[in-house]
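Report on one structure; see the data block that follows.
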Amino acid sequence: MTRLRLYLLRHGETRIAGGNPFNGWTDVDLTDRGRSQLEDAAKALKPVPFDRVISSDLYRARYGGELVAKGAETELEVNPEWREMHFGLCEGLQFPEIEERYPELASRVVSPEGGGIDFPGGESDRVFADRIAGALRKLASETPDGRVAVVSHSGTGRAVLAALFGFSTALMWRFHQSHAGLHVVDVYPDGGGAVARVINAYLGPEGYASPGPGTDFLAG
């Protein structure tokens with residue numbers, strides 16, 4: 001049975017992360033801490049014999065992709081299909097600003113039921129989930145067996161998990177991914193489903209927040 005081991009790494013801390021503005025397609029810079037987070041993550045991933053390393057084309061993800069690719073001695077593949085959700089007219093806004101300008105949208109964003117979110121001038125959660133699912137299907141068809149790193153965004157990681165495990169667009173927002181957080185998932189393209197090995201392992205400067213499996217499993 002073929003197995004694709006997928007390593008989903010989120011970008012590091014960004015310069016305008018304070019207050020959590022909605023930065024989807026906005027090409028923001030990393031902080032020094034954000035770069036350090038990705039540098040440490042790349043060091044932890046260096047033993048992994050990656051067949052491919054892919055990143056979103058946005059700088060905050062591409063920086064990490066370049067580091068991981070260098071460690072793997074392979075070329076980075078930059079692909080905009082792996083971008084974060086496009087927040088349209090809400091790009092760069094803080095949530096209180098969205099509440100003021102688009103109260104119905106804001107109520108959907110924080111609704112316990114979730115789902116049905118459609119950003120004006122941007123993407124709906126369904127369109128976003130379909131885009132990422134399409135990128136994932138293409139990746140699995142091109143590389144059904146091996147190890148692939150995808151350096152991207154928190155929403156992207158959530159959407160991949162939703163596609164692999166059949167989550168609704170509402171449920172996918174309940175999975176957190178820290179800056180430089182790592183998901184590792186085994187994907188069996190020939191019908192064996194998927195197995196989550198790690199969800200949101202943190203490889204940044206402070207290391208793991210609590211005792212865990214360490215990093216030996218990464219290259220297994």
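None of the figures in this text is laboratory data; all of them are computed from the coordinates on show. Here the structure is a predicted model, which is why all the values come from computation and not from measurement. Cβ sites come from the backbone with ideal geometry, for glycine too, and all protein chains shown count toward neighbours.
General observations
- Equivalent ellipsoid, region 111-157 (semi-axes from 5 times Cα gyration tensor eigenvalues, Å): 26, 11, 10
- Residue-averaged 222 nm ellipticity for the chain, from DSSP H runs of 4+ at -39500 (n - 2.57), nearest 500: -10500 deg cm²/dmol
- Integer Hz, Karplus 6.51/-1.76/1.60 couplings in order for region 93-106, x for Gly and Pro: 7, 7, 4, x, 5, 5, 4, 6, 8, 9, x, 5, 4, 4
- Here region 94-138 yields Rg over Rh of 1.08, to two decimals, using C-alpha coordinates and the Kirkwood radius.
- Counting neighbouring beta carbons within 10 Å and listing from fewest to most, the residues HIS176, HIS11 come out as HIS176, HIS11.
- The slack in the chain from GLU142 to LYS70, taken as 0.36 nm per residue of separation less the alpha-carbon distance, amounts to 23.8 nm.
- Cα convex hull of region 72-169, projected area averaged across orientations, nm²: 7.5
- Overall form of region 1-45 per C-alpha gyration tensor (a/c, 1.5; a/b vs b/c): oblate
- Each other residue within a Cβ distance under 13 Å of SER152 adds +1 if Lys or Arg and -1 if Asp or Glu, for a net charge of +2.
- Charge tally for THR2 (other residues, Cβ to Cβ under 10 Å; Lys, Arg +1; Asp, Glu -1): -1.
- Each of SER168, SER56 was scored by other Cβ atoms within 10 Å of its Cβ. Listed from fewest to most, they are SER168, SER56.
- (1) 16.8, 53; (2) 23.3, 97; (3) 15.9, 46, with the label sought being that of the calculated Rg and Dmax of the Cα atoms in Å: (1)
- For region 23-110, the calculated P(r) over all alpha carbon pairs, in 5 Å bins from 0 to the bin holding the longest distance, is 3, 14, 18, 18, 14, 12, 9, 7, 4, 1 percent.
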